[in-house]
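Okay, structure first, notes after.
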Amino acid sequence: MIRMLTTIIMIGTACYIIYQNRYRLVNVLFGNSFIRRFLVSIFMNVPGVQNRIIQSVYPSRQY
């Protein structure tokens, strides 16, 4: 019982610290070019994301 309670408190504390420093963590991750390329390639493989980005960058002209 005490071990489970300690585990829950530790997980909660870790989540709180990550939440408080989330922007610093994102900046550290995107500061590394290898990790940035990896994350962007994963994000672009999500269905529909690439099409939306291409449409927003190169909008079709309606005459």
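Restricting to the stretch 32-48, and then to whatever is surrounded by 10 or more Cβ atoms within 10 Å (Cβ to Cβ) and either among the aromatic types (Phe, Trp, Tyr) or at pLDDT below 85 (or both), can you tell me which residue is farthest from the chain's Cα centre (by Cα)?
Of everything passing the filter in the stretch 32-48, Phe38 is farthest from the chain's Cα centre (by Cα).
May I ask you to say which residue of Arg61, Arg22, Arg3 is among the charged types (D, E, K, R) and under 13 Å from the mean Cα position of the chain (by Cα)?
Only one candidate passes the filter, namely Arg22.
Determine the pairs where a residue that is free of Cβ contacts under 8 Å to residues at least 12 places away in the same chain and part of a helix (DSSP H, G or I), located within the stretch 1-30, has a partner that is surrounded by 10 or more Cβ atoms within 10 Å (Cβ to Cβ) and of a type in the set (Val, Ile, Thr) with Cβ atoms under 6 Å apart, the partner being 6 or more residues away or on another chain.
Cβ pairs passing all conditions: Leu29/Ile35.
Going by what's in this entry, would Arg61 be described as out of contact with any strand residue (DSSP E or B) (no Cβ under 9 Å at 6 or more places or on another chain), part of a loop (DSSP other than H, G, I, E, B) and either without any contact (Cβ under 8 Å) to a residue 24 or more places away in the chain or on the phi < 0 side of the Ramachandran plot (or both)?
The answer is yes for Arg61.
The values are calculated or read from the model by the stated rules, or taken from the named source; none is laboratory data. Keep in mind the model is a prediction, meaning the values are calculated, not measured. Note that each Cβ is placed from the backbone with ideal geometry, even for glycine, and that neighbours are counted across all protein chains shown.
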